[in-house]
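As C-alpha cells, the structure follows; a few thoughts come after it.
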Amino acid sequence: MGKVTGFLEIERHDRKYTPVADRLKHFQEFVVPLSERELRDQAARCMNCGIPYCHGTGSAAPGAPGCPVNNQIPDWNDLVYNGNWEEAARNLHSTNNFPEFTGRICPAPCEASCTLNIDDNPVTIKTIECAIVDKAFEQGWIKPELPAVKTGKKVAVVGAGPAGLAAAQQLARAGHDVHVYEKHAKAGGLLRYGIPDFKMEKGIIDRRIAQMEGEGITFHYGVHVGSNGGLDAKTLLKDHDAVALTGGAEAPRDLPIPGRDLSGIHFAMDFLPQQNRRVSEEPVNATDILAAGKHVVVIGGGDTGSDCIGTSLRQGALSVTQLEIMPAPPERENKALTWPNWPLKMRTSSSQAEGAAREFAVLTQKFEGENGAVKKLTCVRVDGQFKPLPGTEFELSADLVLLAMGFVHPVHEGLLKSLGVDLDPRGNVKANLTDYQTSVQKVFSAGDMRRGQSLVVWAIREGRLCAQAIDKFLMGETDLPR
Ligand SMILES: Cc1cc2nc3c(=O)[nH]c(=O)nc-3n(C[C@H](O)[C@H](O)[C@H](O)COP(=O)(O)OP(=O)(O)OC[C@H]3O[C@@H](n4cnc5c(N)ncnc54)[C@H](O)[C@@H]3O)c2cc1C
Ligand code: SF4
C-alpha cells in the first residue's frame, strides 16, 4: 500500500478531455494524460483492501465484479506510488497482454468495484494502467519475449482481434510456431476497424504487433479462411497441430421494418470502418457513406452507437439523434444493492457529450423516403415491456440512419460451416470455459466468436485461457499463466 492515509488526503482526479469544439476538428485521441506527480498521488489513494474486489472474482458472468483479466491493481498502484514504473509494467503485463488497449477503451468494471466507489470516488485505475504501459513503450521496456525452447508444434489463429492476438502471443511464448490468419489488411479486429481513432489511435496497435512479430509470430493478412477463393478451412486444419477460432461476432442485428431497403440506411459496421480506413489512408473499397451535411439518426444506445455519433459529428453532420429502446436508467445506482457489481445507471460517453440528442424507450416503426432515399422515421414510445404506447407516435427527419443494435452471433457461412463446429443456442461457437475446445478435434475458440459480443478485456482474457488450453492439449501440461 503506497500511502496509508492517501485516500483520506487526496481527492480523485482523472484525465480530462480537450474541449468539444477542438476535438471535433480531428480524429485523434483527445484524452489529456495526467502528469507523473498526479499519477503518483492518484496511486497513493489505493487502500490495498483485504478483499480487493477490483482484482475480479474469476467469474465469467457479464457484470461480475472487478477486472476480467485479474490485474493485480493494488500491487501496481504501490509500485507507481514508489516510482518503480518498470516493475509496475512487468506486473501489469503478467495478467494483461495489452494494457494499452484496455487503458484507453475498457469500461473499467474495476473502478465500479473499488471500495472507494462506495463514496463515488474510486481510484483512477484505468488511467494509471494506461500511464504504466505508455511509459513502458516510451522507455523501450517492451521488447520481444522469446521462449527458451521451441516445441516444433504449429498453431493457427484465425482472426487478429484482441482474442486472437492474446492467444497468439501466449502460444508463441510457450514456444509454438504461431500463424495468425486475418481477412483484413491489418491486425486488430474491431480495435482497428470498428473503434474510431479518436478513442484509440491505430499506431497503438502497430507498436504491439511489432513486438509480436519480434516474438516469431507470422501474420498472414488478406486471408479469409473458409470463404470462396480464400484459404480452405480443412486444409488449415490439416496443416496445423491446433487451430484457435477467434473471428469475432460479426453478424449484425437488423431492423426489418417497412422502408428498410431505402438508401441511406446502413449498419454501423459499414460506416465506421470506412472512416478508420480514411484516417489510416487504406482504400475504402466501397461507396462512401458520409454524414456531412446530413441529419443522422443512430438506432442503438451502446458503444457502437456512441462511435457512430462521434464519427458523424466529426464528419460535419447537421444533427445526430440517438434512439434507445430501453427506458432511461436511473441517474445514480443504489450502492447498497449493486456494489461491487457493475451497476445499471445513466452514463454519458464522450461522443454523446459532443452534442447528440438522446431518446429512450423509443421503437422505430417504419422508414419513409423520397426517390428511394430515406427521409424520415416514424417512431413510438414504449412501455417497460416494449409495447407501443398509443398516441405517442412521432416523426424524425433523417438523411442517414445508422443501425447500431449489436451483433447476434458470428457469421456461420464459410469458416464455421466448413469446419462443422457445433453452435450454442445463441448461435455462438460451442466451447466451454474449462478447455475452450469445440466439437471438432484440435479446434478451439475464444472471444466474441465463443462468448457473443462483449468487451476487449474479455477477449484478452479468453485468448489467454484458450492459449493455456491449447498448450496443455499439445504438450500434456502447461506453464502458461492465466
Ligand atoms: C464499434 C464498436 C465499438 C466498440 N467499443 C468498445 C469499447 O469501447 N470497449 C470495449 O471493451 N469493447 C468495445 N467493443 C467490443 C470489442 O471491440 C469486442 O468485444 C472485441 O473486439 C472482440 O474481440 P475478438 O478478438 O473476439 O473479435 P474481433 O475484434 O471482432 O476480431 C475478429 C477478427 O477476426 C477476423 N476474421 C473473422 N472471420 C475470419 C475468417 N474467416 N478468416 C480470417 N479472419 C477472420 C476479423 O476480420 C477480425 O479482425 C466495440 C465493438 C464495436 C463493434
Ligand atoms: S483491464 Fe479494465 S477492468 Fe481491468 S484494470 Fe484495466 S480498466 Fe480495470
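Every number in this text was worked out from the coordinates using simple rules, so none of it is lab data. Source: prediction; values computed, not measured. Every residue, glycine as well, gets a Cβ built from its backbone with ideal geometry; the counts of neighbours run over all protein chains shown.
Think of the chain as having a plus end and a minus end, set by charges on the Cβ of Lys, Arg, Asp and Glu; of G203, H409, I299, H409 sits farthest toward the positive end of this dipole.
Count the lysine pairs in the range 254-405 that are 8 or more places apart or on different chains: how many have C-alpha atoms under 21 angstrom apart? Write out the running numbers ahead of the final one.
On the way: K294/K366; K294/K375; K294/K376; K335/K345; K366/K375; K366/K376; K366/K387.
Taking the range 254-405 as the scope, the lysine pair count is 7.
Cα gyration tensor of the range 254-405, axes a ≥ b ≥ c as square roots of the eigenvalues: rounded (a/c below 1.5), prolate (a/b > b/c) or oblate? Judged from the Cα gyration tensor, the range 254-405 comes out oblate (a/c at least 1.5, b/c at or above a/b). The phi torsions of the range 434-449, fed into the Karplus equation with coefficients 6.51, -1.76 and 1.60 and a -60° offset, translate into couplings of 8, 10, 6, 7, 8, 6, 9, 3, 6, 10, 10, 8, 7, x, 4, 5 Hz, rounded to whole numbers, with Gly and Pro shown as x. The aspartates and glutamates within cross-link reach of K154, meaning a Cα-to-Cα straight distance under 12 Å and a gap of 8 or more places when in the same chain, are D177, D239, D241, D471.
The Cα atoms of the chain cover 67, 62, 41 Å along the three principal axes, with the biggest extent listed first.
With a cut-off of 8 Å between alpha carbons and a minimum separation of six or more residues, what is the relative contact order of the chain in percent?
On the way: 1035 pairs, mean separation 80.0, N = 482.
Relative contact order here is 17 percent.
Rounded to the nearest whole Hz, the Karplus-based 3J(HN,Hα) values (6.51 cos²θ - 1.76 cosθ + 1.60, θ = phi - 60°) of the range 115-123 follow the sequence 4, 5, 6, 4, 9, 6, 10, x, 4, with x at glycine and proline. Calculated [222 nm] ellipticity per residue, helices only, for the chain: -8500 deg cm²/dmol; basis is -39500 (n - 2.57) per DSSP H run with n ≥ 4, divided by all residues, nearest 500.
For the cross-link pairs K126/K150; K3/K135; K150/K234; K143/K186, the ones whose C-alpha atoms lie over 29 Å apart are K126/K150. Once the chain from E145 to T57 is taken as fully extended at 0.36 nm per residue, the excess over their C-alpha distance is 28.8 nm. A Förster radius of 25 Å combined with the Cβ-Cβ distance from T18 to T287 puts the calculated FRET efficiency at roughly 0.15.
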